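Input: a single structure, listed below in structure tokens.
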Amino acid sequence: MLNAIRLMRELGMTFEEVDACTGRALGWPKSATFRLADIVGIDVLLHVIRNIYDNIPGDESREMYRVPPIAEEMARPRLARRQTGGGFTNA
């Protein structure tokens, strides 16, 4: 997920474009990358990322697990879950 966000920004892609590339095109479910995060909940995603980051203080790859600003923005209460009309793919 974090690599998908990083590459999306580097390549100037949209959430929908990433999902088109990472869903059925790869033989994955149509939920793909960002729709899956929306279904699970961005708040849950952030909890997992922060938990990893907090628990690998000496690891050389730790910075890869810093929460991206776009995920922080999407985690705001009105945007955090697909069920409430928010999420990456409803933005």
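Read the figures in this text as sums done on the coordinates, not as results from a lab. Please read these numbers as outputs of a predicted model, since none were measured by experiment. Heads up, the Cβs are rebuilt from the backbone with ideal geometry, glycines too, and the neighbour counts pull from every protein chain shown.
Annotations for the structure displayed:
- Residue-count net charge about Arg50 - beta-carbon cut-off 11 Å; Lys, Arg +1, Asp, Glu -1: -2
- Neighbour-count order for Ile5, Ile42, Ile52, fewest beta carbons within 10 angstrom listed first: Ile52, Ile5, Ile42
- Sorting Ser61, Ser31 from the fewest to the most surrounding beta carbons within 10 angstrom yields Ser61, Ser31.
- Taking label positions 7 Å along the Cα-Cβ direction at both Arg76 and Arg62, the computed distance is 3.0 nm, reported to one decimal.
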